[in-house]
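A.B. asks: Would you mind keeping the following structure in view while I ask a few things?
The values are calculated or read from the model by the stated rules, or taken from the named source; none is laboratory data. Predicted, not measured: the structure shown is a model, and the values here were computed from it. Here the Cβ positions follow ideal geometry from the backbone for every residue, glycine too, while neighbour counts run over all protein chains shown. Each accessible area value is taken on the protein alone, full model and side chains, heavy atoms only, with ligands, DNA and RNA left out. Shrake-Rupley method; radii C 1.70, N 1.55, O 1.52, S 1.80 Å.
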Amino acid sequence: MPDRVLITGGAGFIGSHLAASHLDSGDEVHMIVRPEGISHAERVRRGAIVHAVDLNDLPQVRACFHRTNPTILYHLASDTGRDPAIPNPAEWPALTRDLDHLLILPAAAAESPGLRVMIRAGSLAEYGNQPTPSPETRREQPRTAYTAAMVAGAHYCAMLQPRLGFPVLTARFALTYGPGQSEDFLLPALLRRCLSDEPTVVRQPDNRRDMVFIDDIVAGLRAMARSDLPGGTIINLSSGNARKIREIVDLVLRVTGTPADRVSMEAGEPPDLRIPTVCGVPDLAALNLGWRARTSLEDGIALTARSLAEAVA
């Protein structure tokens, strides 16, 4: 029987790929987007139903749940673009915005009788600067307002779970990449500049990042939606292998045929809040979901480069 899927952040990079996957499976897909509209309309597949809703407005969110009556809720909307510096405590409304959105959703979803599971997005960066790879059992050490809100959200959901009629699961993502990603991120920006034969400066080349292709992340999210995991479970969707950024650059140069002198690397002084290595232990996902990251970094970069080249042509 087809599912009714509701995705916050449905027009975002991960949300749009997830929506497309569910549409291909014959599911009914609803997206919640910002009230001001969609910044990347090209990401919205035909057949998806778009709802402009303020996630800070409980009556609006309740009305959306009443209209859609979802069986699966994915909460992917978050304020990832905020300043990574330690904020002024007086700016508390900005500090708690992601957490406010998260807590409003279960309040609205509690009145949605068909909801089977809620899955929320997190990040491996929540573990902070600790020995890697990081298992889900490790105490988090968030270093930014964004990751602090993500950590708090996971614990709030676990605390509320006995009062909820559906499990809330957390997927902590590795650095996700693939076709359609914004150039605010290193890999698509680097690929585009190489394909355009533009010089590029890459900083902190010895930092390490656990990279997972978008199709694998979507497969992991869908496996979590099908699972019978208890509420409060945290799952790393990660490869367990953190490659140096300079290695990633070398792969991009090879895939695009770009001369090495078009990219320069600068070590410099690392910003205080940056995490040199981001990497998660993927064992729980393998054990409980039968999931692992199947797309090699080499293949994923080639697929992403091909998509960018076709978009430019």
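A.B. asks: Relative contact order for segment 89-194: what is it in percent, counting Cα pairs under 8 Å that are at least 6 residues apart? Kindly include the intermediate steps, with their values, before the conclusion.
C.D. replies: Numbers: 92 pairs, mean separation 33.9, N = 106.
Dividing the mean separation by the residue count of segment 89-194 yields 32 percent.
A.B. asks: Comparing Val201, Val252, Val29, which has the greatest mean-square fluctuation in the GNM of the chain with Cα pairs linked when under 10 Å apart?
C.D. replies: Result for the chain, Cα springs under 10 Å: Val201 fluctuates most.
A.B. asks: Which length gain, in nm to one decimal place, applies between His155 and Thr96 when the Cα-Cα distance is subtracted from 0.36 nm times their residue separation?
C.D. replies: Details: separation 59, 0.36 × 59 = 21.24 nm, distance 1.43 nm.
In short, 19.8 nm is gained.
A.B. asks: Mind checking the full-extension length gain between Arg34 and Glu247? Use 0.36 nm per residue of separation minus the Cα-Cα distance, one decimal, nm. Walk me through the intermediate numbers first.
C.D. replies: Numbers: separation 213, 0.36 × 213 = 76.68 nm, distance 3.69 nm.
The span from Arg34 to Glu247 would gain 73.0 nm if fully extended.
A.B. asks: Simple spin-label model, 7 Å along Cα-to-Cβ: Asp184 to Val201 in nm?
C.D. replies: Here the answer is 2.2 nm between the modelled labels.
A.B. asks: Run the accessible area of the chain with a 1.4 Å probe and give the carbon-and-sulfur part as a rounded percent.
C.D. replies: On the way: 7740 of 14890 Å².
Summing carbon and sulfur atoms, their accessible area is 52 percent of the total for the chain.
A.B. asks: Among [x] 65, 48, 33; [y] 59, 42, 41; [z] 58, 51, 35, find the value of Cα extents along the principal axes in Å that was calculated from the structure presented, and write down its label.
C.D. replies: [y]
A.B. asks: Any idea of the accessible area per residue across the chain, 1.4 Å probe, to the nearest Å²? Walk me through the numbers on the way to the answer.
C.D. replies: On the way: 14890 Å² over 313 residues.
The answer is 48 Å² per residue.
A.B. asks: Could I ask something else about it? If packing is taken as the mean number of other Cβ atoms within 10 Å per residue, what is the order of 214-225, 183-194, highest first?
C.D. replies: 214-225, 183-194
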